[in-house]
Amino acid sequence: LLATSAILSLILGLAVQDTLGNLFAGLALQFDKPYEIGHWVEIQNGTQKWVGQVLEISWRATVLIGFGEELLTIPNRIVAQAEVSNFSQRAHPIIRSQIFRISHDQKASAVRAALLEATKSIPGIQKAPAPLVLISETTESWISYKLVYFIDDYGAQYLIADQLIEKSIDSLGTAQIPLANSRLVIAREEIASQP
């Protein structure tokens, strides 16, 4: 009887191990409050990463809505052991950037002006701190200009980036500044025939 009850206790303990782990992790998350419903978070546990907006926090799991409107259910014991980045509880805006490759024959001041002009009509980009343009790379074919801008809404970052790219291409076109082509020029040497 004692041996049977010990075996049953062991089996029962193993069966509820995950459930109890999720329960205690859920209680810890309720006390710590690393995020709340509606916050945009990134949860990284080893090589696994989940990004989304918090929809539900229960004693068993945290449910996120991903960028593709998919539901991501993450057990609380995994969340408790993971690195959590909360993009909604920031004192500072979120920094984003976009690279534009321009040929060497264009003036840097004109490129900067055109790219900064494009940011003015996009409502999701903050005015303070102001966007800025940095030269990030030079190659034989082009100069890379990095347009750095600041946003508040993490969930709208892809829509803002889409608008920014479209407006930047239009602004560069208006200023008659074409994007650089990726080309490889091979010099050909003419050999004169000897008589």
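The values are calculated or read from the model by the stated rules, or taken from the named source; none is laboratory data. The shown structure was predicted, so the numbers you read here are calculated from the model rather than taken from an experiment. Cβ: placed from backbone, ideal geometry, glycine included. Neighbour counts: every protein chain shown. Please note that ligands, DNA and RNA were not included when accessible areas were found on the heavy atoms of the full protein model with its side chains. Shrake-Rupley method; radii C 1.70, N 1.55, O 1.52, S 1.80 Å.
Listing for the model above:
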read-out: The stretch 42-82: GluC sites (Glu not before Pro) in DSSP loop, at most 11 other beta carbons within 10 Å; value: E69, E70
read-out: Label-point gap, in nm, between Q44 and L159 - each point 7 angstrom along Cα→Cβ; value: 2.7 nm
read-out: Heavy-atom accessible area ranking, 1.4 Å probe, most first, across H104, H39, H92; value: H92, H104, H39
read-out: Hits among aspartates and glutamates - C-alpha to C-alpha of K120 under 20 Å, sequence gap 8 or more where chains match; value: D152, D153, D162, E166, D170
read-out: Gain upon complete extension [T73, T174; 0.36 nm per residue less C-alpha separation]; value: 31.6 nm
read-out: Rounded D (µm²/s) - the stretch 33-110, Kirkwood Rh over Cα pairs, Stokes-Einstein at 10 °C, 1.306 mPa s; value: 108 µm²/s
read-out: Accessible-area value, S141, 1.4 Å probe, nucleic acids and ligands omitted, Å²; value: 40 Å²
read-out: Probe 1.4 Å, all protein chains present, accessible-area order of T139, T174, largest first; value: T174, T139
read-out: Reachable lysines from K127, criterion Cα separation under 17 angstrom, eight or more residues apart if same chain; value: K167
read-out: Simple spin-label estimate for D105 and L132 in nanometres, 7 Å along Cα-Cβ; value: 3.2 nm
read-out: Summed residue charge, Cβ within 15 Å of I177's Cβ, Lys/Arg positive, Asp/Glu negative; value: +1
read-out: Spin-label pair S58/K33, simplified geometry with 7 Å Cα→Cβ offset, distance in nm; value: 2.3 nm
read-out: Within straight-line cross-link reach of K49, aspartates and glutamates at Cα separation under 13 Å, skipping those fewer than 8 residues along the same chain; value: E83
read-out: Descending semi-axes in Å of the stretch 73-174, equivalent ellipsoid built from Cα gyration tensor; value: 32, 16, 12
read-out: Sorted largest first, extent of the stretch 82-131 alpha carbons per principal axis (Å); value: 48, 25, 14
